[in-house]
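Encoded as structure tokens, the structure appears first; notes follow it.
Just so it is clear, none of the values below were taken in a lab; they were calculated from the coordinates. Given the structure is predicted, the values throughout are model-derived calculations rather than measurements. Counting neighbours? That spans all protein chains shown, and the Cβs are built from the backbone with ideal geometry, glycine included.
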Amino acid sequence: NDKDGDSAVNASWLSCIEEVKAICLEHHIELILATIPNVPSTNAKNNYKNAYVEASGYRYIDFAKAVSLNGDSTWYDNMLYSDNIHPDTQGAIALYSQAVATVPELIL
């Protein structure tokens, strides 16, 4: 829930990601990252986080593009709940489908 700044990734988020990366490396756990959809209601932008995830070299689930054309704040029709923050049923199905398509071992 920590939106990016105007010109950089959210520092708290980045610190947490770095900590998780170190824990995964230490314990030989495959880290799978995920992009975070932007939403129109709060103007919460995650563009820098998403760019970090995409450039990280880690396997990742592209949740942002699962619900919007360019990963922007305009979600596909019938994917966003009326609060303009959370996915509705169709949006949740799209996110689930993206996760399973990218990481099929989730359903094993």
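Summary table
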item: Region 1-31: GluC sites (Glu not before Pro) in DSSP loop, at most 13 other beta carbons within 10 Å; result: Glu30
item: Ala34 long-range amide H proximity, modeled H, under 5 Å; result: Ile61
item: Chain lengthening between Glu26 and Ser41 when straightened (0.36 nm per residue, less Cα-Cα); result: 1.5 nm
item: About the Cα centre, charge dipole magnitude for the chain (Lys/Arg +1, Asp/Glu -1 at Cβ), debye; result: 100 debye
item: Choice from Ala94, Ala66, Ala51 with maximal GNM fluctuation in the chain (Cα, 10 Å cutoff); result: Ala51
item: P(r) weight above 23 Å for the chain, C-alpha pairs, percent; result: 31 percent
item: In nm, spacing of pseudo-spin labels at Ile107 and Glu18 (7 Å Cα→C-beta vector); result: 3.8 nm
item: Histogram of C-alpha separations across region 48-108, 10 Å bin width, %; result: 22, 48, 28, 2
item: Set of aspartates and glutamates with alpha-carbon distance to Lys65 below 12 Å, sequence-local pairs under 8 removed; result: Glu54
item: For the chain, calculated [θ]222 nm from helices alone, where every DSSP H run of n ≥ 4 adds -39500 (n - 2.57); result: -12500 deg cm²/dmol
